[in-house]
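Visitor: Following this message is one structure expressed as structure tokens.
The values are calculated or read from the model by the stated rules, or taken from the named source; none is laboratory data. Quick caveat: nothing in here was measured; it's all calculated off a predicted structure. Positions of Cβ are generated from backbone atoms using ideal geometry, with glycine treated the same way; all protein chains shown enter the neighbour counts. To get the accessible areas, we keep the full protein, side chains included, count just its heavy atoms, and leave off ligands, DNA and RNA. Shrake-Rupley method; radii C 1.70, N 1.55, O 1.52, S 1.80 Å.
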Amino acid sequence: MTGVDTAGTVAAVQAALAAEHAVVYGYGVVGGRVGESREHEATAAHSAHRAHRDALARTARDLGAEPVAASAAYALPFDVPDTAAAVRLAAELEDRVAGAWADLVRASEGPLRRRAADALREAAVRAARWRGGGVAFPGLAERAAGNGG
């Protein structure tokens, strides 16, 4: 890669992979509580994130790194006792993974950057669907931190 810090790219790939591991886990919870009306949407998102996770693991290997392993379990940001909470969790998961993909966009170039930008867009669209509305700059840490951008 020309002009790109390879170590920084590997770190961003590993961070995106770790985020995808967490999202795959989280969608297991979402799918169990989201309700029949949105079950198909949760299943599709879960499948998409599994595909991203697997592609990122291959990318890490291609870059000479051992892919970061998934944890046995992940702490959820809040309790998910019902459908409304499951929908909120899905939006939160997409927001969080969008941030990791945005970091990979910044740290990469070429086809990897394009893939990361596509994944960022997909996460932003899914978050907007779950939430019922979008945000101005999905994936930006300033927005996620609540600083207003």
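Visitor: Given the rule -39500 (n - 2.57) for each run of at least 4 DSSP H residues, summed and divided by the residues of the chain, what is its mean residue ellipticity at 222 nm, to the nearest 500 deg cm²/dmol?
Guide: Rounded to the nearest 500, it is -24000 deg cm²/dmol.
Visitor: Ok, one more. Per the 1.4 Å probe, what fraction of the accessible area of the chain, in percent, lies on carbon and sulfur atoms?
Guide: On the chain, the fraction of accessible area on carbon and sulfur atoms equals 53 percent.
Visitor: Considering only protein heavy atoms, what per residue accessible area in square angstrom results for the chain with a 1.4 angstrom probe? Numbers along the way, then the final one.
Guide: Values: 7840 Å² over 149 residues.
With all protein chains present, the chain gives 53 Å² per residue.
Visitor: Give me the Debye-computed log₁₀ of I(q)/I(0) at q = 0.09, 0.11 Å⁻¹ for the chain, equal point scatterers on Cα only, no solvent, two decimals.
Guide: -0.27, -0.40
Visitor: Take each complete run of DSSP H in the chain, measure how far its Cα atoms stretch along the helix's own axis, and keep only those covering 15 Å or more with mean Kyte-Doolittle hydropathy at least -1.0; list them. Walk me through the intermediate numbers first.
Guide: Values: long enough: 6-33 (40 Å, 0.81); 39-62 (34 Å, -1.20); 83-107 (36 Å, 0.43); 110-131 (31 Å, -0.77).
For the chain, where a helix must reach 15 Å along its axis and average at least -1.0, the hits are 6-33, 83-107, 110-131.
Visitor: Taking 35 Å as R0, compute the FRET efficiency from the Cβ-Cβ separation of residue 61 and residue 37 and round it to 0.05.
Guide: For R0 = 35 Å, the calculated efficiency reads 0.35.
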